[in-house]
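Step one of this worksheet: look at the structure below.
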Amino acid sequence: MPDHVLEIRGLRAGVGGKEILKGIDLTVASGEVHVIMGPNGSGKSTLSHVIMGRPGYEVLGGSVTLDGADVLAMAPYERAHAGLFLAMQYPTEVPGVPLVDMLEAAFAAADRDVAGMRERISVEAGRIGFDDRFLSRPLNVDLSGGEKKRNETLQLGVLQPAIAILDEIDSGLDVDALRACARRIEAATEETGLGVLAITHYNRLLHELRADHVHVLARGAIQRSGGPDLALELETTGYAAFGVDEPARADAAGRADGGPLADPFADPLA
Amino acid sequence: MAVPRPDPANGRDRGSADLGDARRPPIGCEQHRGPDRPSFREVREVPLSAFSVDAIARLAGPQWLVDRRSDAAERFASSSLPSTEEDVWRYSRISELDLDRLAPTAATATVEHGDLGRATIRRADGLDAEALGELPEVGDALVWLHHALAVDPVVVDVPVGVTVPDPIVVRHQGAGAGQATAARLLVRAGADSEVRIVEVFEGGGDGILLPATEITVGPAARVGYVGAQLLDPASWSVGTLELSVAEQATVTAGLAGFGGDYTRTRTDCRLLGRGATGDLVAAYFGDGDQMLDYRTFQDHVAPDTTSNLLFKGAVSDRSRSVYTGLIRVGKEARGTNAFQTNRNIKLSDDAWAESIPNLMIENNDVHCSHASAVGPIDEEQRFYLESRGIPTVVAERLIVAGFFAEVLEQLPVADLRASLDAAVSSKLRAVLA
Ligand SMILES: Nc1ncnc2c1ncn2[C@@H]1O[C@H](COP(=O)(O)OP(=O)(O)OP(=O)(O)O)[C@@H](O)[C@H]1O
Ligand SMILES: [Mg+2]
């Protein structure tokens with residue numbers, strides 16, 4: 001089994017001149033599943049973006065390393081080559097670029113053998129019950145919310161990263177797709193020793209993807225860490241105990257990173 | 001004989017001045033202002049030294065064609081060159097055109113075809129004055145010069161009800177160094193016929209080619225056209241594509257513009273009969289110092305007509321592009337659907353793209369939209385690809401190729417796709433290295 005470790009130490013970061021992350025400490029090793037839960041607007045996506053190097057964020061302090069190498073000094077593609085993967089909360093549409101072209105370019109850039117890419121893609125599609133006909137479409141264009149999340153999961157399966165950050169991979173997925181995707185990711189933790197940092201609002205993801213650690217991110221910092229029981233507890237208690245009052249949460253939800261609209265994948269019953 | 005001309009150092013502009021037109025809609029790019037320009041109207045007379053009626057008439061061909069060309073040459077001699085004062089020439093480089101440097105030259109086309117069905121392709125030898133049609137009633141100096149130099153008109157006639165199985169390919173060489181040449185293609189598709197035409201413009205030196213393509217689409221006929229401009233870097237081309245579409249007929253016309261120093265295509269699509277449809281797409285990609293210039297006119301004359309226009313461009317290095325388009329919906333054209341979209345990617349700070357859509361609507365029962373954009377590569381798209389392990393330049397090449405794919409997929413002649421994809425990739429490798 002591989003032995004990789006992503007270490008986040010005292011990470012502070014902001015966007016639009018506002019400090020969002022105020023000192024994050026987390027360590028994710030190969031084969032481990034860490035879950036981050038927290039109120040809307042608490043900085044979960046910000047954390048995922050800063051780790052992957054999305055433009056527009058300002059790192060104000062702290063460090064992120066993968067096997068000791070300084071991740072924050074790397075270009076996004078170098079982070080991917082180092083072994084990181086980000087499944088986005090809102091995967092970007094890239095008109096005219098088919099999935100297979102993108103994955104071939106990604107393999108070629110990493111000096112991996114591109115032969116048999118279509119085969120690899122259809123094997124992965126089969127594992128999560130994703131219809132082949134979606135695969136020739138331009139990336140994420142005209143895909144439904146759930147189809148986009150399956151597409152992200154499929155790419156994770158093909159790229160076989162060391163550590164994957166999954167930003168609400170479960171939102172938008174129907175019950176069957178959620179089970180299939182969670183199983184696929186769980187299998188990767190065993191087959192290839194994938195380390196997972198999964199951001200989610202719902203315990204249901206953890207029915208198939210077995211969490212080792214659950215962390216609560218609120219007010220820009222990890223407020224509490226525990227085992228899978230913590231996720232269950234949060235489902236009944238909410239985040240009030242972490243100093244987040246209801247009106248502030250409602251306000252933050254309205255400014256989620258998808259733009260001025262509320263999260264389109266939000267659970268209507270939540 | 002020497003005709004007085006304005007001092008060449010005077011009254012000449014780079015065609016990029018005077019952007020202060022209040023009617024221009026806001027667009028998402030910084031605007032480049034050229035140097036201030038003198039306000040007098042520029043008049044450039046036609047030099048007769050090289051372009052005399054005699055010189056033009058001396059070009060070979062059957063007598064009826066020499067007569068026709070001489071007639072055009074005489075009109076040319078008494079007309080003036082277009083100027084950037086005219087809206088349709090604004091931003092163009094027409095004022096750089098120096099006819100004194102050029103000599104009238106005969107140019108011939110190459111025609112390739114497979115199974116023609118019962119269609120005919122005629123050249124000068126098989127034509128007569130009537131078959132080629134009258135000279136137009138009005139025109140500027142370049143219109144007359146085109147007719148004066150068109151020694152090898154190609155005329156395709158597709159009889160009523162005939163489907164031509166294979167595309168007809170007409171190749172034109174760009175004008176060689178010091179030459180002025182013309183290319184003329186006429187396509188007449190009879191009622192309920194079907195034909196696909198490809199015109200390729202390639203090669204050339206630092207001369208000017210004046211192409212004109214006229215396609216008449218008969219009732220319920222279906223015509224596909226692709227004009228691929230792959231000229232060598234020094235070449236100029238100033239041309240027109242005129243589409244006339246009868247009732248229930250459809251034309252799908254695609255333009256690709258990659259080569260040349262200054263190349264301009266004016267496309268007029270006239271929807272003349274009820275239910276006519278015109279789909280117009282273009283992909284153009286500038287690099288170095290070249291300028292690609294597109295003007296379009298979607299003219300809805302008859303009721304229930306539809307036009308869809310999608311022009312996409314990229315400019316890199318110090319290259320420039322111009323798109324100006326007008327949709328006109330006439331009084332009789334009730335039930336019109338007309339769409340016009342122009343998107344441009346600016347790949348370098350020194351590149352410049354102008355995009356000006358316009359609507360002129362004379363009745364209420366229409367569904368029209370226009371959209372235009374100029375901007376850099378989308379940062380989010382680039383990050384998405386980079387996050388998968390694709391280096392920045394490779395990600396940018398994929399995004400630009402994908403941007404053009406939407407247009408290239410719509411071209412009515414699929415065989416051309418590979419060579420146009422290759423033209424895009426080779427530009428991308430050069431400008432995103
Ligand atoms: N470009 C920006 N400019 C200003 N503020 C921003 C910007 N992008 C995000 N934010 C703010 O940063 C905060 C953290 O956003 P983030 O997307 O990380 O939250 P989140 O925890 O992922 O929320 P959710 O659960 O809704 O996905 C929010 O208050 C958000 O409004
Ligand atoms: Mg989020």
Would you call A:L178 buried (at least 19 other Cβ atoms within 10 Å of the Cβ), touching a Cys at 6+ places or on another chain (Cβ under 9 Å) and over 20 Å from A:T92 (Cβ atoms)?
-> no
Take the residues in the stretch B:365-422 that are more than 14 Å from chain A (Cβ to nearest Cβ) and part of a helix (DSSP H, G or I), then tell me which one is surrounded by the most Cβ atoms within 10 Å (Cβ to Cβ).
-> B:L416
Consider B:A141 against the criteria (1) open to solvent by less than 30 Å² (accessible area, probe 1.4 Å); (2) in contact (Cβ under 8 Å) with a residue 40 or more places away in the chain; (3) more than 19 Å from B:R264 (Cα to Cα): it satisfies all of them except one. Which criterion is unmet?
-> (3)
When the stretch A:40-60 is examined, which residues are found to be more than 9 Å from ligand 1 (Cβ to nearest atom) and either in a loop (DSSP other than H, G, I, E, B) or open to solvent by 10 Å² or more (accessible area, probe 1.4 Å) (or both)?
-> A:G53, A:R54, A:P55, A:E58, A:V59, A:L60
Is at least one residue of the stretch A:13-36 within 13 Å of another protein chain (Cβ to nearest Cβ), open to solvent by 10 Å² or more (accessible area, probe 1.4 Å) and within 16 Å of ligand 1 (Cβ to nearest atom)?
-> no
In the stretch A:61-79, how many are assigned to a helix (DSSP H, G or I) and either within 14 Å of chain B (Cβ to nearest Cβ) or at pLDDT below 95 (or both)?
-> 5
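Of these, B:G325, B:G335, B:G330, which one is within 16 Å of B:D299 (Cα to Cα), under 18 Å from the mean Cα position of the chain (by Cα) and more than 14 Å from chain A (Cβ to nearest Cβ)? Lay out the reasoning, then the answer.
Working: B:G335 fails: under 18 Å from the mean Cα position of the chain (by Cα); B:G330 fails: under 18 Å from the mean Cα position of the chain (by Cα).
Answer to the selection: B:G325.
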Looking at A:A125, A:A106, which is the one that is crowded, with 23+ Cβ neighbours inside 10 Å, of a type in the set (A, V, I, L, M), more than 16 Å from ligand 1 (Cβ to nearest atom) and in a helix (DSSP H, G or I)?
-> A:A106
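For the stretch A:80-95, state whether one or more residues are away from chain B (no Cβ under 14 Å) and not hydrophobic (A, V, I, L, M, F, W, C).
Taking the stretch A:80-95 and keeping what is away from chain B (no Cβ under 14 Å), we get none.
Checked the stretch A:80-95: no residue is away from chain B (no Cβ under 14 Å) and not hydrophobic (A, V, I, L, M, F, W, C).
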Matching residues in the stretch A:96-109 (within 17 Å of A:R133 (Cα to Cα) and at the interface with chain B (Cβ under 7 Å from one of its Cβ atoms)) number 4
Among the candidates A:G31, A:G14, single out the residue that is touching a residue at least 24 places away in the same chain (Cβ under 8 Å), away from ligand 2 (no atom under 15 Å from the Cβ) and touching a Phe, Trp or Tyr at 6+ places or on another chain (Cβ under 8 Å).
-> A:G14
All but one of (1) free of Cβ contacts under 8 Å to residues at least 60 places away in the same chain; (2) open to solvent by 10 Å² or more (accessible area, probe 1.4 Å) hold for B:D287; which doesn't?
-> (1)
Within the stretch B:321-339, is even one residue closer than 23 Å to B:L432 by Cα and surrounded by fewer than 22 Cβ atoms within 10 Å (Cβ to Cβ)?
-> no
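The values are calculated or read from the model by the stated rules, or taken from the named source; none is laboratory data. Fair warning: this is a prediction, and the values are worked out from it, not measured in the lab. A quick note on method: Cβ atoms are made from the backbone with ideal geometry, for glycine too, and the neighbour counts reach across all protein chains shown. Side chains included, ligands, DNA and RNA excluded: accessible areas come from the protein's heavy atoms. Shrake-Rupley method; radii C 1.70, N 1.55, O 1.52, S 1.80 Å.
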